[in-house]
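The values are calculated or read from the model by the stated rules, or taken from the named source; none is laboratory data. In this text, all values refer to a predicted model and were calculated from it rather than measured experimentally. Because the Cβ atoms are built from the backbone with ideal geometry, glycine has one as well, and the counts that use them run over all protein chains shown.
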């Protein structure tokens with residue numbers, strides 16, 4: 001049976017990826033250290049599946065080697081990472097430990113494992129490594145100019161993977177994706193936080209004037225792209241994964257209000273509330289994803305209008321998800337640099 005390791009599989013993208021891999025008849029070993037952003041709720045549908053196994057372990061742990069040699073995966077998707085920019089402003093240390101030191105340990109173990117076993121490593125990164133893209137779209141050869149400690153830690157991990165490909169010839173690929181949204185995303189992020197506030201009749205906080213622009217992709221489209229990269233991607237390459245659809249935060253909020261108004265009666269306290277911006281907040285991210293579209297024949301299937309409705313539906317039907325998370329992790333303001 002084809003075995004895949006997904007690191008960080010209790011998180012947002014990781015759990016959605018596991019769901020898709022299981023549907024495609026892979027055996028999946030989920031390796032996750034189970035921090036605040038991990039959630040057993042995310043895997044409740046398949047945690048009893050014979051094709052799924054969970055192992056609680058930090059990728060920094062030397063025992064990761066034992067998992068590789070015991071299960072002999074044909075592929076590893078590395079999604080184990082600290083991801084929230086605001087948290088990286090408050091506490092960069094955990095980002096360096098997870099996103100740099102953790103990836104270093106993973107690479108050392110994978111280097112030794114891949115000498116004796118046919119396998120691929122897909123390292124999942126972000127468009128934030130490119131920094132502000134005020135005009136045009138960043139392609140795979142675009143210079144890295146990260147702005148936040150989070151983005152810098154992801155940039156460092158990308159460079160580590162690339163260096164191990166060049167020096168040690170490990171079979172690895174790096175992907176850089178735009179902003180994901182969809183079911184199972186931690187409500188410290190914009191869209192699930194706004195949905196939480198809508199469902200709980202609270203004001204909707206938007207940084208600055210709401211003009212910061214992001215490229216949005218539905219998480220299940222991203223997961224399809226990751227599997228396509230695993231199956232068809234060229235070793236040693238980088239692939240941007242995006243929707244080519246940019247919206248600023250104010251536009252996202254207004255679209256979400258419109259959708260939720262169709263599905264859920266809005267409370268009187270639901271109104272846009274502009275709050276102090278985060279330090280070093282990039283104005284715009286935008287990816288050029290022509291490479292994956294042309295070389296691997298992948299393109300996103302889900303429009304933002306359809307995806308945001310599916311997302312709101314999921315949270316509305318899974319209110320227990322919010323109850324599985326510490327309330328302070330939902331409502332506390334981070335990264336204000338006050």
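Residues that are over 21 Å from the mean Cα position of the chain (by Cα) and on the phi > 0 side of the Ramachandran plot: does segment 246-255 have at least one?
Filtering segment 246-255 down to residues over 21 Å from the mean Cα position of the chain (by Cα) leaves 250-251, 254-255.
Restricting the remaining residues to those that are on the phi > 0 side of the Ramachandran plot gives none.
No.
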Test residue 69 against the criterion of being at pLDDT 95 or above, surrounded by fewer than 15 Cβ atoms within 10 Å (Cβ to Cβ) and over 17 Å from residue 188 (Cα atoms), and give yes or no.
-> yes
How many residues of segment 277-297 are in a loop (DSSP other than H, G, I, E, B) and closer than 28 Å to residue 150 by Cα? The answer is 11
Given (1) modelled with pLDDT of 95 or more; (2) buried (at least 23 other Cβ atoms within 10 Å of the Cβ); (3) touching a helix residue (DSSP H, G or I) at 6+ places or on another chain (Cβ under 8 Å), residue 130 misses just (3)
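Considering segment 1-29 alone, what residues qualify as being assigned to a strand (DSSP E or B), surrounded by fewer than 24 Cβ atoms within 10 Å (Cβ to Cβ) and without any contact (Cβ under 8 Å) to a residue 40 or more places away in the chain?
Step one: of segment 1-29, the residues assigned to a strand (DSSP E or B) are 3-7, 27-29.
So of that shortlist, the ones also surrounded by fewer than 24 Cβ atoms within 10 Å (Cβ to Cβ) come out as 3, 27, 29.
Passing the criteria: only 27.
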Qualifying residue in segment 150-168 (condition: in contact with a strand residue (DSSP E or B) (Cβ under 7 Å, 6 or more places away or on another chain), assigned to a strand (DSSP E or B) and over 30 Å from residue 309 (Cα atoms)) = no
Checked against (1) closer than 16 Å to residue 7 by Cα; (2) surrounded by fewer than 23 Cβ atoms within 10 Å (Cβ to Cβ); (3) at pLDDT below 95, residue 95 satisfies every condition except (2)
- [ ] Return yes when residue 190 is closer than 29 Å to residue 142 by Cα and at pLDDT below 95 and no when it is not.
- [x] yes
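I need a count of the residues in segment 298-307 that are in contact with a helix residue (DSSP H, G or I) (Cβ under 9 Å, 6 or more places away or on another chain) and part of a loop (DSSP other than H, G, I, E, B). Spell out how you get there, then give the answer.
Pass one, segment 298-307, residues in contact with a helix residue (DSSP H, G or I) (Cβ under 9 Å, 6 or more places away or on another chain): 298-302, 304-305, 307.
Imposing the further condition that a residue be part of a loop (DSSP other than H, G, I, E, B) reduces the set to 298-302.
Residues in segment 298-307 being in contact with a helix residue (DSSP H, G or I) (Cβ under 9 Å, 6 or more places away or on another chain) and part of a loop (DSSP other than H, G, I, E, B): 5 in total.
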